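> My questions will all concern the structure given below.
The values are calculated or read from the model by the stated rules, or taken from the named source; none is laboratory data. The shown structure was predicted, so the numbers you read here are calculated from the model rather than taken from an experiment. Neighbour counts are summed over all protein chains in view; Cβ atoms, including those assigned to glycine, are modelled from backbone coordinates with ideal geometry. Accessible surface areas use protein heavy atoms only, side chains included; no ligands, DNA or RNA. Shrake-Rupley method; radii C 1.70, N 1.55, O 1.52, S 1.80 Å.
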Amino acid sequence: MSAETSPRGGLRDLKKIFGGGSSNVRQFGILFSLIAIILLFQFLTNGLTLSSGNLINLVSQYSYILILAIGMVMVIIAGHIDLSVGSIAAFAGIVVATAMQEWNLPWPLAILLGLVVGALIGAWQGFWVAYIGVPAFIVTLAGMLIWRGGNQVIGNANTVPVPDGFTVIGSGYLPEVGPFTGYNNLTLLLGLVIAAAVVLVEWRARRVQKIMGSDPAPLWVSILKVVLLDAVVIYATVLFAGGRAGTSFPVSGIILGVLVLFYSFITRNTIFGRHVYAVGGNKLAAELSGVKSRRVNFLVMMNMSILASLAGMIFVARSVASGPQDGLSWELDAIAAVFIGGAAVSGGIGTVTGSIVGGLVMAVLNNGLQLLGVGADRVQIIKGLVLLIAVGVDVWNKSQGRPSLIGFLTRKSKTGEFPSEPPAVIPTSGTPDSARPSDNPS
Amino acid sequence: MSTDPIILEMRSITKEFPGVKALSNVSLTVRAGEIHAICGENGAGKSTLMKVLSGVYPYGTYSGDIVYQGEVMHFKDIRSSEAAGIAIIHQELALIPELSITENIFLGNEPTRWGAIDWITAKKTALDLLARVGLRDDPDTLIKNIGVGKQQLVEIAKALNKSVKVLILDEPTAALNEADSQHLLDLIRGLKGKGISSIMISHKLNEIEQVADSITIIRDGLTIETLDVVADGVNEDRIIRGMVGRSLESRFPDRTPHIGDVFFEVRNWNVQHPQVAERMVVKNSSLTVRKGEIVGIAGLMGAGRTELAMSIFGRSYGNFLSGTMFKDGKEIQLRNVAEAIDHGLAYVSEDRKALGLNLLDDIKRSIVSAKLTKISAGPVVNDSKEYAIAESYRTSLRIKTPSVDAGVNKLSGGNQQKVVLAKWMFTDPDLLILDEPTRGIDVGAKYEIYGIIQQLAAQGKGVILISSELPELLGLADRIYTVFEGAITDCIPAETADPETLMKSMTSARKKVQSI
């Protein structure tokens, strides 16, 4: 009934600019927070935040956390948690580094080895979670100890260097090709492709909406959306392409981008993705719909470990060596990113893009505070508060029957326009089960 | 009528839930030291009445008066009704398995000395109370280590500790075996001798006949009558007549059944309880379904209807022991839900919210969720097909929503149920098992759902309809199986079925199933 009287007109259309239906208003809010934080730091750092060097640094410094967030959001949607990702990253890193140093394994094969190690670890943990039924919290807490210890056993608690070829995945950039333009040509090309893709995607979305007979947002909304997004893309492209000579868009950023596209597609458009949401949303109902929940849980846990080992390798490549302290407390950063990005602790809710935005909030915050010379101690305190407040606002709003802070603000403004809107969620969430007549057969 | 003083009187209690009048002008009079049974079909309002009495629904949420020992009471929660001496023992026991008997008896009511729990007094009192209920176990035994029968006794001991004057027992023997039931009934009789009144809700009419002094019958939220067991010469038949005695209104769409051959059959089906291996939840049950036929399953709560249905549906309940299943003349084995769906079975759960839907999901995704392969190219789901299919069901089933993008949690019960039906219709089943498909749904939506069920049968599908509402079964089904304590007790063609005969077969293992 609430959707029937959902806000009409400009406000809703405006929300559609960022894909904001009722279901992802939260992301809409967090995206605005990200923009606000970027602008705030841009101001506070006198333009340093959005400088070429800093932006490039930001991407290569946080890409591995964001890669973890992709896997973590799927784990959390399925209703689990993974505390072992930092240790797995460290373990995979040391295995790969040692393999290249001791056996002279060529670096592409080493990367493959790293992924296989991740898959094996994931299969091990997935087995305990999915088939034995040990809570993932426990399994991965054990994993956190096991793989951290494993790292130190293999590396004798020492640092193992990696060869130059390997470092490209962590500290490489798009190479210089073509005529000298003062910018990195490949980065420019990449930017153009993305800008064109934005237009194409929006155009296709409108066409599909038309075919399906649902009313698309007015044309001006689409145009505004495309113009805004492309402006951001082009601005970013110029920044990335115009950095110090020899730098450009980082390879790790490209790996991240490919993964984001791939996993967004998996979670949104495939049967497996649907099953992950179904198992996390209502396991029993999913099983009664023929979903093999054990297999889903197994694959989700396994996938997380593969991504963790990839993140570990990128980190090792960036720091040119694998050490015993690699990946320390990464799990916490990844989990924080996912929850800031709108996932629900109880499972069933969350998106890959939301988690990336959540991760970027943390990254920009971290980076900006560092630029301002705030000590690591205070940065931690601030990050902790941000996490608590972001999720706290969300929980509070849900208990009030509102989707998010932004939802709350927009709601206020529209109540004047549409006084008839009923409280949408309150009746279902506010009524204790015992008070529902249907559930009280005598 | 006995001349004992009236201890409790509930006067014209009316209790409404949004959209439903659960109780309307219900009155109940309980005398001191009597056992008063409350009878009625599932959903008649018995539990609601008891929840009003015990303060679960506090004063102000209902209209009417509770007069207790001559005073009008305003209970605001369970604690206040307990303080006055009214204790309720729920169907699902409220004991904590990991605590001992003593700890459970005194939970929330611990005797203290200098601020610390006085375990010596507690244990002494516990021993006393256990002796009164005839339980000889060590009071330090953990609750999880004693059987359900003994747990029930601990609950009563807990109530006695609060110097109870009126004890409410909601289905006290539902989970008990014969011997434990008998012990419990004896105990209730013994308490009566000590001046404690009991209000007992039970589906086991023989037990009521055996222990009750008077019986109040509730139907559709109304008090039908109050009988004095001795003076009125009450027997089971008399109670059944009171429980079901209503005319069948024409609340069902017209239908001319076109029944084909038997295409689905279950033979000698045996299923164990998933945790308690010695408990058989389905006993040697056999049933057949013909094409285009609506087969009803009648049984009281806990009789094993849902367990039977779910165990057929890919063994989704209990431990499958033995039995064979045939579809279209061939024996089939359904080891999991996916196989059941592939073989054209569908099961609409009685618990829509817990088992039927992912409440976080939207309508279109829910509708296609049981057969995503049907709209997918390889692993990729086709969104536009999904939308189109959801739209077509929205129109054909008249799901009231502005958009199929809306979350299912925003729909009313009736519309949620339509989404669930759409979800299973989308799987193209040959056999639909509908478990309480109209539970918690208002009358208008019920009529529509009846229409959908009849349409499915008209398309040649077989339908198994499980329902607690006898009129619903009589109005829809072509043939009705009755289930009692996990076994099928009878199979009655709809033409010859009436509420009385059904209720008889539902409350006793009287007849063997006639083969058809």
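> Looking at (1) part of a helix (DSSP H, G or I); (2) among the small types (Gly, Ala, Ser); (3) within 25 Å of B:ARG290 (Cα to Cα), can you tell me which one B:GLY460 breaks?
Evaluating B:GLY460 over (1) part of a helix (DSSP H, G or I); (2) among the small types (Gly, Ala, Ser); (3) within 25 Å of B:ARG290 (Cα to Cα) leaves (1) as the failure.
> Residue by residue through segment B:340-358, note down the ones that are in contact (Cβ under 8 Å) with a residue 12 or more places away in the chain, more than 7 Å from every other protein chain (Cβ to nearest Cβ) and assigned to a loop (DSSP other than H, G, I, E, B).
Selection gives B:HIS343, B:GLY344, B:GLU350.
> Within segment A:79-93, work out how many residues are open to solvent by 10 Å² or more (accessible area, probe 1.4 Å) and of a type outside the set (Gly, Ala, Ser). Spell out how you get there, then give the answer.
Filtering segment A:79-93 down to residues open to solvent by 10 Å² or more (accessible area, probe 1.4 Å) leaves A:79-81, A:83, A:91.
Then drop every residue that is not of a type outside the set (Gly, Ala, Ser), which leaves A:80-81, A:83, A:91.
Qualifying residue count, segment A:79-93: 4.
> So which of A:ILE271, A:ILE223 is free of Cβ contacts under 8 Å to residues at least 40 places away in the same chain and open to solvent by less than 30 Å² (accessible area, probe 1.4 Å)?
Result: A:ILE271 is the single residue among A:ILE271, A:ILE223 that is free of Cβ contacts under 8 Å to residues at least 40 places away in the same chain and open to solvent by less than 30 Å² (accessible area, probe 1.4 Å).
> Could you check A:ILE169 against (1) open to solvent by 30 Å² or more (accessible area, probe 1.4 Å); (2) out of contact with any Pro (no Cβ under 7 Å at 6 or more places or on another chain); (3) modelled with pLDDT under 95 and say which number it fails?
Single failed check for A:ILE169: (1).
> Taking the condition of being within 8 Å of chain A (Cβ to nearest Cβ) and more than 18 Å from B:ASN358 (Cβ to Cβ), how many residues in segment B:388-402 meet it? Talk me through it step by step, then tell me what you get.
First pass over segment B:388-402, keeping only residues within 8 Å of chain A (Cβ to nearest Cβ): B:388, B:391, B:401-402.
Adding the requirement that they be more than 18 Å from B:ASN358 (Cβ to Cβ) leaves B:388, B:391, B:402.
Total satisfying the criteria: 3.
> Taking strands (runs of 3 or more DSSP E) that fall entirely within segment B:5-69, which contain at least 2 residues that are within 14 Å of chain A (Cβ to nearest Cβ) and over 13 Å from B:ILE199 (Cα atoms)?
Numbers: elements: B:6-17, B:20-31, B:35-39, B:63-68.
By residue number, B:6-17, B:20-31.
> Please verify whether B:GLU225 is in contact with a helix residue (DSSP H, G or I) (Cβ under 7 Å, 6 or more places away or on another chain), surrounded by fewer than 21 Cβ atoms within 10 Å (Cβ to Cβ), away from chain A (no Cβ under 14 Å) and within 16 Å of B:ALA44 (Cβ to Cβ), treating the condition exactly as stated.
yes
Listed here are the residues, each with its yes/no results for (1) among the charged types (D, E, K, R); (2) assigned by TED's automatic domain parsing to the domain that holds A:ILE356; (3) buried (at least 24 other Cβ atoms within 10 Å of the Cβ); (4) touching a Lys or Arg at 6+ places or on another chain (Cβ under 7 Å).
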| position | (1), (2), (3), (4) |
| --- | --- |
| A:TYR64 | no, yes, yes, no |
| A:GLU102 | yes, yes, no, no |
| A:GLN125 | no, yes, yes, no |
| A:PRO135 | no, yes, no, no |
| A:LEU141 | no, yes, no, no |
| A:TRP147 | no, yes, yes, no |
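> Separate question: Just checking, which of B:ILE375, B:ILE363, B:ILE453 is within 28 Å of B:VAL262 (Cα to Cα) and open to solvent by less than 20 Å² (accessible area, probe 1.4 Å)?
After ruling out the rest, the residue left standing is B:ILE453.
> Output the residues belonging to segment B:208-222 that are open to solvent by less than 40 Å² (accessible area, probe 1.4 Å) and modelled with pLDDT of 85 or more.
Of everything in segment B:208-222, those that are open to solvent by less than 40 Å² (accessible area, probe 1.4 Å) and modelled with pLDDT of 85 or more turn out to be B:ILE208, B:VAL211, B:ALA212, B:SER214, B:ILE215, B:THR216, B:ILE217, B:ILE218.
> State all residues of segment A:249-303 that are in contact with an Asp or Glu (Cβ under 8 Å, 6 or more places away or on another chain), of a type in the set (S, T, N, Q) and closer than 28 Å to A:VAL134 by Cα; if no residue qualifies, say none.
A:SER293
> In segment A:156-206, how many are more than 15 Å from A:VAL320 (Cα to Cα) and assigned to a loop (DSSP other than H, G, I, E, B)?
13
> Across segment B:414-439, which residue is most open to solvent (accessible area, probe 1.4 Å) among those that are part of a loop (DSSP other than H, G, I, E, B) and acidic (Asp, Glu)? Show your work before the answer.
So in segment B:414-439, the residues part of a loop (DSSP other than H, G, I, E, B) come out as B:426-430, B:436-439.
Now restrict to residues that are acidic (Asp, Glu): B:428, B:430, B:436.
Numbers: B:ASP428: 91, B:ASP430: 63, B:GLU436: 12 Å².
The qualifying residue most open to solvent (accessible area, probe 1.4 Å) is B:ASP428.
> Something else about it: Which members of segment B:148-186 meet the condition of being in a helix (DSSP H, G or I) and open to solvent by 20 Å² or more (accessible area, probe 1.4 Å)?
Within segment B:148-186, B:VAL148, B:LYS150, B:GLN151, B:LYS158, B:ASN161, B:GLU178, B:ALA179, B:ASP180, B:GLN182, B:HIS183, B:ASP186 meet the criteria.
> Mind checking which residues of segment B:478-496 are among the hydrophobic types (A, V, I, L, M, F, W, C) and either in contact (Cβ under 8 Å) with a residue 24 or more places away in the chain or in the same structural domain as B:GLU41 (by TED's automatic domain parsing) (or both)? Spell out how you get there, then give the answer.
Step one: of segment B:478-496, the residues among the hydrophobic types (A, V, I, L, M, F, W, C) are B:480, B:483-484, B:487-488, B:491-492, B:494.
Within segment B:478-496, B:ILE480, B:VAL483, B:PHE484, B:ALA487, B:ILE488, B:CYS491, B:ALA494 qualify.
Condition check ((1) aromatic (Phe, Trp, Tyr); (2) at pLDDT 85 or above; (3) in contact with a Ser or Thr (Cβ under 9 Å, 6 or more places away or on another chain)) across all residues:
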| position | (1), (2), (3) |
| --- | --- |
| B:GLU469 | no, no, yes |
| B:LEU473 | no, yes, yes |
| B:ASP478 | no, yes, no |
| B:TYR481 | yes, yes, yes |
| B:PHE484 | yes, yes, yes |
| B:ALA487 | no, yes, yes |
| B:PRO493 | no, yes, no |
| B:THR496 | no, yes, no |
| B:LYS512 | no, no, yes |
